[in-house]
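Contents: one structure, followed by commentary.
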Amino acid sequence: MKYYIVSTFEMDGHSSGFTMICGSLAAKSQYLKDILTDLDGKLYPTDSVHEEEDGSTTMYGHWDCGEWSINILPFKTYKSIENKERACQTG
């Protein structure tokens, strides 16, 4: 299984968005750990997790300066995600 990850981080009124395709469960876990770990090595809190109708998972949380959200879509072949837009937003 591969994972298409879209994340949004809000910081003091500014936002950033990232996308990543991870080729395995281990790569997905490591990526999430990397982007959700603060400079002191602590994980940012997850406030809620939602399973979506399309099989994806959306996580919402907060950090020192604002909010974050991450949408994770598992897929088997690249053809299944071609020409399909993914979105993620905070708040």
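The values are calculated or read from the model by the stated rules, or taken from the named source; none is laboratory data. Remember, it's a predicted structure, so these values are computed and weren't measured experimentally. Please note: Cβ atoms are built from the backbone with ideal geometry, for glycine as well, and neighbour counts cover all protein chains shown. Side chains are part of the model used for accessible areas, which takes the heavy atoms of the whole protein and leaves out ligands, DNA and RNA. Shrake-Rupley method; radii C 1.70, N 1.55, O 1.52, S 1.80 Å.
Has the range 29-47 got at least one residue that is in contact (Cβ under 8 Å) with a residue 12 or more places away in the chain and small (Gly, Ala, Ser)? So far as the range 29-47 goes, no, none of its residues is in contact (Cβ under 8 Å) with a residue 12 or more places away in the chain and small (Gly, Ala, Ser). Just one residue in the set Lys84, Lys79 is open to solvent by 60 Å² or more (accessible area, probe 1.4 Å) and assigned to a helix (DSSP H, G or I); that residue is Lys79. Among the residues here, Thr77 does not qualify as in contact with a strand residue (DSSP E or B) (Cβ under 6 Å, 6 or more places away or on another chain) and of a type in the set (Val, Ile, Thr). Only residues that are closer than 18 Å to Ser29 by Cβ and of a type outside the set (Val, Ile, Thr) were counted in the range 56-68, giving 4. Of the residues examined, Thr57 is one that is free of Cβ contacts under 8 Å to residues at least 60 places away in the same chain, within 23 Å of Ser80 (Cα to Cα) and of a type outside the set (Lys, Arg).
Residue-by-condition table, conditions (1) under 14 Å from the mean Cα position of the chain (by Cα); (2) not acidic (Asp, Glu):
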{"residue": "Ala27", "(1), (2)": "yes, yes"}
{"residue": "Lys33", "(1), (2)": "yes, yes"}
{"residue": "Gly61", "(1), (2)": "yes, yes"}
{"residue": "Lys76", "(1), (2)": "no, yes"}
{"residue": "Glu85", "(1), (2)": "no, no"}
